[in-house]
Protein chains: 2
Amino acid sequence: MKAVILAAGKGERLSQGKDKSKPKPLIPLLGLSLLERAILSAKESGIYDFVIVVGYRGEEVIRYVEEKQKRSGLNIDFVENEEWEKGNGLSVLKARGALKEEEDFVLLMCDHVFDSGILKELLAKAMLNKGGKSVLCVDKPENVFDLEDATKILLERNKPKAIGKGIENYDAVDCGIFYCTSAIFNALEEEMVKGKYELSDAVQCLIDCDKLDVFDIGGRFWCDIDTAESLEYAKNKMLKSLEKPTDGIISKCINRKISKRITARIVNTNLTPTQITVMSFIIALASAVFFFLGEHKYLIIGGLLAQASSIIDGCDGEVARLKFLTTDYGAFVDSVLDRYADGIMIFGLIIGYWRLYGGISVWIIIIGLFALLGSFMISYTNSLALPTSPQALKGLRFENIFENSVKGGGKGGIPVRRDMRLFVIMVGAILNQVMVMLLLLAILTNLEVVRRLSSIKRIFRLPMVPPT
Amino acid sequence: MKAVILAAGKGERLSQGKDKSKPKPLIPLLGLSLLERAILSAKESGIYDFVIVVGYRGEEVIRYVEEKQKRSGLNIDFVENEEWEKGNGLSVLKARGALKEEEDFVLLMCDHVFDSGILKELLAKAMLNKGGKSVLCVDKPENVFDLEDATKILLERNKPKAIGKGIENYDAVDCGIFYCTSAIFNALEEEMVKGKYELSDAVQCLIDCDKLDVFDIGGRFWCDIDTAESLEYAKNKMLKSLEKPTDGIISKCINRKISKRITARIVNTNLTPTQITVMSFIIALASAVFFFLGEHKYLIIGGLLAQASSIIDGCDGEVARLKFLTTDYGAFVDSVLDRYADGIMIFGLIIGYWRLYGGISVWIIIIGLFALLGSFMISYTNSLALPTSPQALKGLRFENIFENSVKGGGKGGIPVRRDMRLFVIMVGAILNQVMVMLLLLAILTNLEVVRRLSSIKRIFRLPMVPPT
């Protein structure tokens, strides 16, 4: 499947701010230019072939994309539309030569950012829809940031009846994500003969001959970036989307709020997610060194560093998601370093305590060891995958099973995931209560492991039922 | 899909030994009766509906199966063939009434044990084979234990030409695993009119009218149990099959050899795999207690117990596989208890050493902690599943990736899986070299984690290539 991305317009209203020097497709949003964002969102949906229609300052756009996507494995063709000022319909038509005859394609606007899940679902729907119709993604009007400027659609029993910026009655809004059959080109040509150069004119034409379906994106995020305000709106929405429903309570109330702000800054640097992971690990090591020193003033510094490490540990994933840099390698390194950090911090606490109060040391070692074992076991049990279940469940991690019953990190389970554990360590260190803190960790983590064992037993000891 | 299992014969030659008192289907083989084994092998291939044809001492067989499979979720119908002495073809024909008209089914012999992978592949092949032919599983004659008594098949360009016990020329042997269309019933009736009551007569009839295909089982295990010798042969083959290609070197050379013998005995008890897991855990705890005592004589006992625990830890999986009791719950408990055992044993070593040589204790704690961390990380990195890869790879555990490059636990990686770690602990304890042993563990395990990080990097940092 190819994607045609329109990146020909000037975007005057947006280019009036600090990014005046850049053509619209190259305006940055959370570390990526709008055009790169469109390309990478499509790539996440399994699209590797692109036709990009450039116009205003096209050379610059081409140079930028070629430089950035050099080693991406994507096939990107560029088409120049010198008459870009006439209307976006003409840009679509110019892409025709870069497609095979009768080839379906996805049409995207470089100035629309969207959750790539929308495109995945659209493609899945379009594969089923064998009627040879084009499919336009639509959203409810109340979800749209700049409704006035949006392209509206009138529906009748879920069938589109009219489309246009200026129509009076409407039920939905065009999201700028479009599964097109080649019928669009004929429609465009027909309309251009009449002097109509906008894409929506051709879409009206498809509606009139019943060649268009709509697909409700179900409230997922998208935004048309036309003004500095909409850029800011999109940025905030995207940062907000970094919160995960499975975030633990400390993560939700503290860490994520801070890490989002940090992420919003570091996406603009060249820092890779793995570098951020390593930074978080180094902060954790520093924290362990302060714990090791044992004295209360150092404990406080160590505790604060532990919490800082916990916060930064959120940023790697956030940057990865925002910049489409999520990799298995990154997730692997993150998990491994987190476990080492956990171990070494608790180790620092044990030794620090022991150095200070040498006499009563066996207990601190026993308690510390169980805190360490328990912390490990929480992560370990999360990561175990189902080895023997029926195919449909195979590879499902126990974590996801727990998550279903322990949504939000709290209900039904003891909240002792890493966010909480490091928070407990910080509080304990600040209060100079290392023994109590380790005892608390030892008891809660190991209790949660026992709870998991019994909950897994309930789930998996059911007699095997024939598949129906 | 239904399976028809023939369990009507007397099995005179087999019943002459100690199991004289039992009808053939109930003769035990590694903890399960032959008939249960046939049922559970089929269940593993996704079959939940059974028709069992009983004859000789049929009541007894029915009572036994009903008792054993009460809560299994299987639908089992019984058909009695009072004329079981006439020939096994008649038993097949008796099953007709328990099947729907024109229904395909799988035909199994209760006295044939087989690797359930054969049946899975046969079903997969039969689903593709839309020609409406029956398919008979065949093996090469050189793989057959008792060739004289086997039913032979003559092939011509992979098509069957003749079948029978007495034929002179043959290329293959009937394994007694048969995908049947309802055509078999007509063939049986035709032959019976001629006074021929054996199944192979009807199969010859299918061959003559080109309604039979054969499927080469590719060297997988099966065995026709007719004599005490073949029962012993099958038992040894099945025990041998418990060795995994991914077993570590200590497991291969020591643990598996012993655990197989233990397993061969405990399959005949009611011990569940999870109970064996718990036993192994308790032995590990005992080992830790002896380590804790510190003195050399106790260290030796602790070391031997650690190795014993390692061996018993193999038995749970072996019993589970032999008795079709593999569950996710069991695998989960096994993993969790193994990690606790690892931690507590190393903890015992640290404290024992420290109690004995109190003066130099910071180093033993540091080294011990890294041995603990490293041991944990080996298991943890094995268990991590790929979170973000394309669907085909999703849920693949890193362990399997390592296994591909580190087949046999050795080549390309440092052999520090649990079998080796516990062996090192035993040797170190016997030699009274706790510090050296922990240092060795600390270095090797953590080095291996680093090696894994870099090997994963090589694999997963490749640019994403479009799926072809």
Exercise. Could you work out how far helix B:34-44 tilts from the main Cα principal axis of chain B, as a 0 to 90 degree angle to the nearest 10?
Key: 70 degrees
Quiz prompt | Rounded to 5, percent antiparallel among DSSP beta bridges of the protein assembly as shown | solution = 50 percent
Practice problem: Would you calculate the separation in nanometres between label points at residue B:261 and residue A:293, each defined as 7 Å from the Cα along the Cα-to-beta-carbon direction? | Solution: 5.9 nm
Practice problem: At 7 Å along the Cα-to-beta-carbon direction for both residue B:83 and residue B:282, put a label point, then send me their distance in nm to one decimal. | Solution: 5.7 nm
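Leaving out ligands, DNA and RNA, and with a 1.4 Å probe, what % of the accessible surface on the protein assembly as shown is carbon or sulfur? Mind dumping the intermediate values first?
Details: 22740 of 40990 Å².
About 55 percent, which is the carbon plus sulfur part of the accessible surface.
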Practice problem: Note down the nm distance, to one decimal, between modelled labels 7 Å out along Cα→Cβ at residue A:101 and at residue A:156. | Solution: 3.6 nm
Quiz item: Between A and B, buried accessible area summed over both sides at probe 1.4 Å, in Å² to the nearest 100?
Solution: 5400 Å²
Exercise. Take every Cα pair under 8 Å in chain B that's 6+ residues apart, average their separations, divide by the length, and report that relative contact order as a whole percent.
Key: 13 percent
Quiz item: Per residue of chain A, what 222 nm ellipticity follows from adding -39500 (n - 2.57) for every DSSP H run with n ≥ 4, rounded to the nearest 500?
Solution: -16500 deg cm²/dmol
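Given Cβ point charges of +1 (Lys, Arg) and -1 (Asp, Glu) and nothing else, what value in debye, to the nearest 20, does the dipole of segment A:170-275 about its Cα centre take?
Values: 14 positive and 17 negative charges, 274 e Å.
In debye, rounded to 20, segment A:170-275 gives about 1320.
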Exercise. Pick out, from A:35, A:72, A:167, the residue whose Cα sits farthest towards the positive end of the charge dipole of segment A:2-237, with +1 on the Cβ of Lys and Arg and -1 on the Cβ of Asp and Glu.
Key: A:72
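Past the 23 Å Cα-Cα mark, which pairs from A:120/A:257; A:22/A:323; B:120/B:244; A:68/A:240; A:237/B:457?
A:120/A:257; A:68/A:240; A:237/B:457
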Quiz item: So what's the angle, to the nearest 10 degrees on a 0 to 90 scale, between helix A:199-208 and the longest Cα principal axis of chain A?
Solution: 80 degrees
Quiz prompt | Percent of beta bridges antiparallel (DSSP, chain B, rounded to nearest 5) | solution = 50 percent
Practice problem: From other protein chains only, count the Cβ atoms within 10 Å of every residue's Cβ in A:374-384, then give the mean. | Solution: 5
Quiz item: Put +1 on the Cβ of each Lys and Arg and -1 on the Cβ of each Asp and Glu in chain B; which of B:413, B:429, B:276 then has its Cα farthest toward the positive end of the dipole?
Solution: B:429
Quiz item: Quick one: Cα centre-to-centre distance for segment A:296-315 and segment A:195-250, in angstrom?
Solution: 39 Å
Practice problem: Could you work out the relative contact order of segment A:254-333, using alpha carbon pairs under 8 angstrom and six or more residues apart, expressed as a whole percent? | Solution: 44 percent
Practice problem: Which order do the peptides A:46-59, A:268-281 take when ranked by the mean count of other beta-carbon atoms within 10 Å per residue, highest first? | Solution: A:46-59, A:268-281
Practice problem: Place a label point 7 angstrom from the Cα of residue B:427 along the Cα-to-Cβ direction, then list the residues of segment B:212-253 whose backbone nitrogen is under 16 Å away. | Solution: B:248-253
Practice problem: If a/c stays under 1.5 just call it rounded; otherwise compare a/b with b/c (prolate if a/b is bigger, oblate if not). Do that for segment B:124-196, with a ≥ b ≥ c from the square roots of the Cα gyration tensor eigenvalues. | Solution: oblate
Exercise. Output, in nm with one decimal and in ascending order, the distances from the residue B:68 label point to the matching label points of the other copies (7 Å from Cα along Cα-to-Cβ).
Key: 6.6
Exercise. Determine the shape class of the protein assembly as shown: with a ≥ b ≥ c the square roots of the Cα gyration tensor eigenvalues, call it rounded for a/c under 1.5, and otherwise prolate if a/b is greater than b/c, oblate otherwise.
Key: oblate
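Restricting the count to DSSP beta bridges whose residues both fall in segment A:2-237, what percent are antiparallel, rounded to a multiple of 5?
Around 50 percent antiparallel, to the nearest 5.
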Quiz item: Where the centroid of each part is defined by its Cα atoms, how far is segment B:348-378 from segment B:419-455 in Å?
Solution: 12 Å
Exercise. Compute the Cα gyration tensor for chain A, then decide on rounded, prolate or oblate, letting a ≥ b ≥ c be the square roots of its eigenvalues: rounded whenever a/c is under 1.5, prolate when a/b is larger than b/c in the other cases, and oblate in all that remain.
Key: prolate
Exercise. Quick one: divide the alpha-carbon radius of gyration of segment B:81-213 by 2.2 N^0.38 Å and tell me what you get.
Key: 1.01
Quiz item: Cross-link partners among lysines for residue B:194, C-alpha distance below 28 Å, same-chain residues fewer than 8 apart left out?
Solution: B:10, B:86, B:94, B:100, B:133, B:152, B:159, B:161, B:165, B:211
Self-check item: Alpha-carbon centroids, segment A:53-76 and segment B:114-144: separation in whole Å
Solution: 54 Å
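Can you give the local net charge around residue B:45? Use residues other than it whose beta-carbon is closer than 11 angstrom to its beta-carbon, Lys and Arg +1, Asp and Glu -1.
Surrounding charge for residue B:45 is -1.
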Quiz item: How far apart are the residue B:127 label points across copies, placing each 7 Å from Cα toward Cβ, in nm, shortest first?
Solution: 1.8
Exercise. Ignoring everything but the protein chains, give the 1.4 Å probe accessible area of residue B:427 in square angstrom, nearest 10.
Key: 50 Å²
Self-check item: segment A:120-213, dipole about Cα centre (Lys/Arg Cβ +1, Asp/Glu Cβ -1), debye to the nearest 20
Solution: 480 debye
Practice problem: Work out the length of the dipole vector of the protein assembly as shown about its Cα centre, built from +1 on the beta-carbon of each Lys and Arg and -1 on the beta-carbon of each Asp and Glu, and round it to the nearest 20 debye. | Solution: 3340 debye
Quiz item: Between residue A:57 and residue A:12, what length in nm is gained on full extension when 0.36 nm per residue of separation is reduced by their alpha carbon distance?
Solution: 14.9 nm
Quiz item: Projected onto the charge dipole of chain A (+1 at Lys/Arg Cβ, -1 at Asp/Glu Cβ, origin at the Cα centre), which of A:5, A:381, A:230 gives the Cα projection farthest towards the positive end?
Solution: A:381
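The values are calculated or read from the model by the stated rules, or taken from the named source; none is laboratory data. Just so you know, these numbers come straight off a predicted model, no measurement behind them. Using ideal geometry, Cβ is built from the backbone for each residue, glycine included, and neighbour counts are taken over all protein chains shown. For the accessible areas, the whole protein counts, side chains as well, though only heavy atoms, and no ligand, DNA or RNA atoms are used. Shrake-Rupley method; radii C 1.70, N 1.55, O 1.52, S 1.80 Å.
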